[in-house]
Amino acid sequence: MNIISRHRLLIFNYNSTGFVEGMGTNRPSLLFLNKSITKFNNNEKHTYRLLENSGILHFTQKSLIRHLIKIQHDLDSWWESKEVLIARKQFCKKFVNYKDNYLDGYIKVINQ
């Protein structure tokens, strides 16, 4: 059993594959980054601003802790809110490579 599936909330302290997997599999996820060392290019800024505004992305401990306190008793309502849904979909559209028919892709590669 993989570690992601054992937890209701995933918290990442760097922009990792794990964060992308959490977002792509619709697992409640938070990202805590040091703003002074994290740079976004112009194509990414809008998407990461959506993550920040929805409460997924945090740049300070205070912000992260405040958000955890706010959602601790109703994680699902926050994660299923319109704002989070829009941010997550935008993030996944840009950074998550998944398809409903992924098995067809594997079969094509194997049969070549």
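The values are calculated or read from the model by the stated rules, or taken from the named source; none is laboratory data. This structure is a prediction, so every number in the text was calculated from the model and none was measured. FYI the Cβ positions are ideal-geometry reconstructions off the backbone, even for glycines, and counts take in every protein chain you see.
Odds and ends about this structure:
- Test: residue in region 49-61 that is aromatic (Phe, Trp, Tyr) and more than 10 Å from the chain's Cα centre (by Cα): yes
- Put simply, of Asn41, Asn34, Asn26 the only residue that is out of contact with any strand residue (DSSP E or B) (no Cβ under 8 Å at 6 or more places or on another chain) and either touching a residue at least 60 places away in the same chain (Cβ under 8 Å) or of a type in the set (A, V, I, L, M, F, W, C) (or both) is Asn26.
- With respect to the conditions (1) at pLDDT below 90; (2) under 19 Å from Pro28 (Cα atoms), Lys108 falls short on a single one, namely (2).
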